[in-house]
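Notes follow the structure.
Bear in mind these aren't lab numbers, they're just calculated from the coordinates by the rules spelled out. Model, not experiment: these values are computed from the prediction. Backbone-built Cβ (ideal geometry, glycine too); neighbour counts: all protein chains shown.
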Amino acid sequence: MGRAVRRILFMAKEGAIEVDGVVQEALPNAMFRVELENGHEVLAHISGKMRKFYIRILPGDRVKVELSPYDLTRGRITYRLK
């Protein structure tokens with residue numbers, strides 16, 4: 001991967017908002033409804049690394065969600081907390 005591509009990827013993640021939440025329900029296509037700490041609900045999908053390593057997520061799990069500053073109703077699950 002070239003230096004310019006790495007810089008663009010870093011800049012893309014720089015604006016992301018990370019919050020903790022609890023998975024409320026599992027939806028089709030690896031989507032989940034997650035209730036955030038502040039009470040908001042978002043639709044989130046699993047990040048590629050979690051999918052690659054077959055990390056299972058069940059309703060009731062605490063997760064770390066990365067939200068885009070452009071659409072705060074959707075996110076990416078990046079980590080399953082203990």
Checklist outcome for this item: Restricting attention to region 24-40, the residues that are of a type in the set (D, E, K, R) and surrounded by 13 or more Cβ atoms within 10 Å (Cβ to Cβ) number exactly 2
Checklist outcome for this item: Checked region 57-73 for anything farther than 12 Å from VAL19 by Cα and either aromatic (Phe, Trp, Tyr) or in contact with a strand residue (DSSP E or B) (Cβ under 8 Å, 6 or more places away or on another chain) (or both); matches are ILE57, LEU58, PRO59, GLY60, ASP61, PRO69, TYR70, THR73
